[in-house]
Amino acid sequence: MAQRKMLLEYADNPEARSLEGWKRLGGYAQVESILKTRTPDSIMEEVKSSGLRGRGGAGFPCGLKWSFLDRKSDKPRYLVCNGDESEPGTFKDRHIMERLPHQLIEGMIVSSFAIGSKHSYIYVRGEYMYILRILEKAIDEAYAAGYLGKNIFGSGWDFDLSVHPGAGAYICGEETALLEGLEGRRGNPRIKPPFPAVSGLYGCPTIVNNVETIAAVPYIIAMGGDAYAGIGVKPSTGTKLISASGHIRKPGVYEIELGKVSCEEFLHSEDYCGGPSNGRPFKAVIAGGSSVPVLPLDLFVKTAAGVPRMMSYESLAEGGFVSGTSLGSGGLFVMDDSTCMVRNLWNLARFYRHESCGQCSPCREGTAWMEKLLERLEAGEGKLTDIDLLVEISKKIEGNTICPLGDAAAWPVASHIRHFRHEFEHHVRFPEKIRDPKHNVAAPIPRPS
Amino acid sequence: MPDTPAFSPAALGELGRIVSHYPEGKQKSALIPVLHLAQAELGGWLSVPVMDYVASLLSITPIEVYEVASFYTMFNKEPVGRFKIETCRTGPCALNGAEDIIGHLEATLGIRDGGTTPDGMFTLQSTECLGACGQGPVIMVGETYHELMTAAKVDALLEELRRQAATMPSAASTATAAATTAATAGVK
Ligand SMILES: Cc1cc2nc3c(=O)[nH]c(=O)nc-3n(C[C@H](O)[C@H](O)[C@H](O)COP(=O)(O)O)c2cc1C
Ligand code: SF4
Ligand code: FES
């Protein structure tokens, strides 16, 4: 099935980048009528019935999260949009923020109205400074038009929106670390509970949602939650942006109807990845950002039971972490048979070591140890026992840390070794063959049958 | 850079605008954006006097600034060249030749990753995923992304940066320059 463009309908239309142009495309009319005719509770209900799941990676039902908001507290409430986008393989939120800034502002207005936030923030990773400037320009336009500020759209409701930059820290994508950054501190995740819905920004009830999640909200209210739930295959409702990269002919951001596109089609169709870029067969896929388990090609396109896999939360998770994976953030990257999986894992292990905030010893020490062992294996200086040791360390990290970065560092290690153990053993047995960093390009390591 | 760091009137205006984004009494929230501004305005890195100056601007203690400056990788804790060339080295970019691009930069400039050319023009730094994985290899210079890089495009970029340095000799006010390029760069 071809792309189903909802959020990305106007992504390639330059009109969408200015407020005037966005209005010509029909923008803001819907928001005005929502503010004038709907109650916050009715918006919450629509979001609940839509089945919208958080698009930041965890897939938590958005309406349910909103319902956890402490409504008895007399403190201000906040909505914070997570535009940290630093999970390797993920570059979809950038697409929305850069090309459709007013679509995101509309989402912030409607969601903030539902939640009761009078001042909301969009947190943008520091490296996206040029995008932050695009958003600030769009926000200025919206203030000038009376769509932000006092008594917006004449609705009697005051609403401010600001953008806040990060400064280079993957961990600030974790929602409580993000709030620390927003309060001007180091990005050390907080211990939960309390969850942000009870005690978040400045100790006030706070909802943190991903850019794509928030951008979907006005569409849900416009068509009705039940209609949105009719898109996709329940409980994977709606559309999802997938950012595709790696050894494919057509890298880019694609919007799919969840559950309606098979994994095979996504890899090979001209509507999506368009097959291999170098004419070599695919070997492995990381389906939802670097943190989710890697799958060998055969397990990505079909489950262990031989059922064709679809691009949905449930289908990709089929088989658990033994033979399945996760849709995660939708950051999909594909490796052909020239890829050395030991080197790939070493690269990712270095990422997690670099990004660990250092608060918990299993994560701080474990990520450094795993990187060191992998560097040694990749250099042809490893031992067979190192392979089991890596698995052992990953198990000791998993579930034993303050935030899920520890798990995110453990899963790639466990899955690379589970599915590609022969490559790790090959590195120990034939060190002379792998000394050349391009070793796998010339002679891919055969998979034992 | 003067002995006692001080923002230009324009930067002080920007400071006021940033602080106004946060509630009364929560001006510490402005720390990260203000450190970006300070780094751009006051010599390209955060010296102790610059950090102390930022602390005084936001009425917080110097240690609150030091601990934040040291946590986030975009803040330079020592002087860097006129242009910091940051190349993504992570997963997807590595699959598409990021290591070769970093190697080419090192060989062309005669410095290692993390180093600065003797003329103070370029600092090389490999970074983690820049969120542009579909267009890798990716290089970020200041606020501009350069995508789908090849050795030839790297050479052209270095030439372009040298030309820029010759026509805009003062490194000061890179923030203002960056803001202008960002406004014009936009989306292709
Ligand atoms: C290490 C780490 C990094 C994360 N990075 C991001 C991110 O860049 N963007 C994002 O939206 N969520 C990220 N998350 C998930 C957030 O903690 C949070 O679940 C999400 O923003 C909630 O929004 P959603 O429910 O709309 O998905 C990250 C989580 C962890 C543990
Ligand atoms: S798991 Fe890692 S990143 Fe998360 S809080 Fe602990 S040390 Fe920090
Ligand atoms: S891996 Fe290089 S930009 Fe994401």
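The values are calculated or read from the model by the stated rules, or taken from the named source; none is laboratory data. Not measured: the values here are computed from a predicted model. Positions of Cβ are generated from backbone atoms using ideal geometry, with glycine treated the same way; all protein chains shown enter the neighbour counts. To get the accessible areas, we keep the full protein, side chains included, count just its heavy atoms, and leave off ligands, DNA and RNA. Shrake-Rupley method; radii C 1.70, N 1.55, O 1.52, S 1.80 Å.
Pairs linking a residue in the stretch B:53-65 that is of a type in the set (Gly, Ala, Ser) to a residue that is open to solvent by less than 50 Å² (accessible area, probe 1.4 Å), with Cβ atoms under 7 Å and 6 or more positions apart or on different chains, are B:55/B:64; B:55/B:65.
Counting only residues that are closer than 30 Å to residue A:194 by Cβ and more than 16 Å from ligand 3 (Cβ to nearest atom), the stretch A:357-410 holds 27 of them. Selection of first residues in the stretch A:201-215 that are more than 13 Å from chain B (Cβ to nearest Cβ) and of second residues that are among the small types (Gly, Ala, Ser) and near ligand 1 (Cβ under 7 Å from one of its atoms), restricted to Cβ pairs under 7 Å at least 6 apart or on distinct chains, gives the following pairs, ordered by first then second residue: A:209/A:54; A:210/A:54; A:210/A:56; A:213/A:54; A:213/A:56. If the condition is being open to solvent by less than 60 Å² (accessible area, probe 1.4 Å) and in contact with a Ser or Thr (Cβ under 8 Å, 6 or more places away or on another chain), then the stretch A:6-42 contributes A:6, A:7, A:35.
Quick one: would you say residue A:6 is touching a helix residue (DSSP H, G or I) at 6+ places or on another chain (Cβ under 7 Å), in a helix (DSSP H, G or I) and modelled with pLDDT of 95 or more? So residue A:6 does not fit the description; no. Screening the stretch B:76-96 for residues that are over 12 Å from the mean Cα position of the chain (by Cα) and within 21 Å of residue B:160 (Cβ to Cβ) and picking the one that is surrounded by the fewest Cβ atoms within 10 Å (Cβ to Cβ) gives B:87. Does residue A:116 satisfy the criteria of being away from chain B (no Cβ under 14 Å), at positive phi, at pLDDT 95 or above and touching a Lys or Arg at 6+ places or on another chain (Cβ under 9 Å)? In short, yes. Looking only at residues of the stretch A:43-75 that are open to solvent by less than 20 Å² (accessible area, probe 1.4 Å) and either closer than 20 Å to residue A:258 by Cβ or within 16 Å of ligand 3 (Cβ to nearest atom) (or both), we find that the one that is nearest to the other protein chains (Cβ to nearest Cβ) is A:55.
Residues in the stretch A:364-380 that are within 16 Å of ligand 2 (Cβ to nearest atom) and either open to solvent by 10 Å² or more (accessible area, probe 1.4 Å) or outside the structural domain of residue A:432 (by TED's automatic domain parsing) (or both): A:364, A:365, A:368, A:369, A:371.
Filtered by the rule that a residue be of a type in the set (Val, Ile, Thr), assigned to a loop (DSSP other than H, G, I, E, B) and out of contact with any Gly (no Cβ under 9 Å at 6 or more places or on another chain), the stretch A:190-242 gives A:191, A:198. Within 14 Å of chain B (Cβ to nearest Cβ), open to solvent by 20 Å² or more (accessible area, probe 1.4 Å), touching a residue at least 12 places away in the same chain (Cβ under 8 Å) and under 26 Å from residue A:72 (Cα atoms): is that true of residue A:183 in this structure? Here the answer is yes, as residue A:183 does meet what is asked.
Look at (1) open to solvent by 20 Å² or more (accessible area, probe 1.4 Å); (2) within 16 Å of ligand 2 (Cβ to nearest atom); (3) closer than 30 Å to residue B:136 by Cβ and you find that residue B:72 fails only one, number (1).
Counting the residues of the stretch B:25-84 that are at the interface with chain A (Cβ under 7 Å from one of its Cβ atoms) and out of contact with any Leu (no Cβ under 7 Å at 6 or more places or on another chain) gives 9. Please indicate, with yes or no, whether at least one residue in the stretch A:255-276 is within 16 Å of ligand 3 (Cβ to nearest atom) and either on the phi < 0 side of the Ramachandran plot or of a type in the set (Ser, Thr, Tyr) (or both). So far as the stretch A:255-276 goes, no, none of its residues is within 16 Å of ligand 3 (Cβ to nearest atom) and either on the phi < 0 side of the Ramachandran plot or of a type in the set (Ser, Thr, Tyr) (or both). Scanning the stretch B:77-119 for residues that are within 30 Å of residue B:52 (Cα to Cα), aliphatic (A, V, I, L, M) and more than 16 Å from ligand 3 (Cβ to nearest atom) yields a count of 1. For the stretch A:260-270, filtered to residues that are open to solvent by less than 10 Å² (accessible area, probe 1.4 Å) and touching a helix residue (DSSP H, G or I) at 6+ places or on another chain (Cβ under 8 Å), the residue that is nearest to the other protein chains (Cβ to nearest Cβ) is A:267. For the stretch B:112-150, the set of residues classified as away from chain A (no Cβ under 14 Å) and loosely packed, with under 15 Cβ neighbours inside 10 Å consists of B:112, B:118, B:119, B:120, B:150, listed by residue number. A count restricted to the stretch A:233-252 and to residues that are open to solvent by 20 Å² or more (accessible area, probe 1.4 Å) and among the hydrophobic types (A, V, I, L, M, F, W, C) stands at 1. Restrict the check to the stretch A:42-51 and report whether at least one residue is out of contact with any Gly (no Cβ under 8 Å at 6 or more places or on another chain), more than 16 Å from ligand 2 (Cβ to nearest atom) and assigned to a helix (DSSP H, G or I). Looking for residues that are out of contact with any Gly (no Cβ under 8 Å at 6 or more places or on another chain), more than 16 Å from ligand 2 (Cβ to nearest atom) and assigned to a helix (DSSP H, G or I), one finds at least one in the stretch A:42-51, hence yes. Selection of first residues in the stretch B:103-130 that are among the charged types (D, E, K, R) and of second residues that are within 16 Å of ligand 1 (Cβ to nearest atom) and assigned to a strand (DSSP E or B), restricted to Cβ pairs under 6 Å at least 6 apart or on distinct chains, gives an empty result. Any residue at all in the stretch A:167-175 that is more than 19 Å from residue A:205 (Cα to Cα), within 11 Å of chain B (Cβ to nearest Cβ) and not hydrophobic (A, V, I, L, M, F, W, C)? Yes.
Helices (runs of 4 or more DSSP H) fully within the stretch A:381-449 that include at least 1 residues being touching an Asp or Glu at 6+ places or on another chain (Cβ under 7 Å) and either buried (at least 17 other Cβ atoms within 10 Å of the Cβ) or more than 14 Å from every other protein chain (Cβ to nearest Cβ) (or both): A:384-397, A:405-429. On the given criteria, is residue B:131 among the small types (Gly, Ala, Ser), within 16 Å of ligand 1 (Cβ to nearest atom) and in a loop (DSSP other than H, G, I, E, B)? Judged against the criteria, residue B:131 is a match.
Would the stretch B:103-110 turn up any residue that is β-branched (Val, Ile, Thr), away from ligand 2 (no atom under 16 Å from the Cβ) and more than 14 Å from chain A (Cβ to nearest Cβ)? Taking every residue of the stretch B:103-110 in turn, at least one turns out to be β-branched (Val, Ile, Thr), away from ligand 2 (no atom under 16 Å from the Cβ) and more than 14 Å from chain A (Cβ to nearest Cβ). Pairs under 7 Å by beta carbon, first residue at the interface with another protein chain (Cβ under 7 Å from one of its Cβ atoms) in the stretch A:346-358, partner open to solvent by 20 Å² or more (accessible area, probe 1.4 Å), six or more apart or different chains? These pairs meet every condition: A:347/B:94; A:355/A:170.
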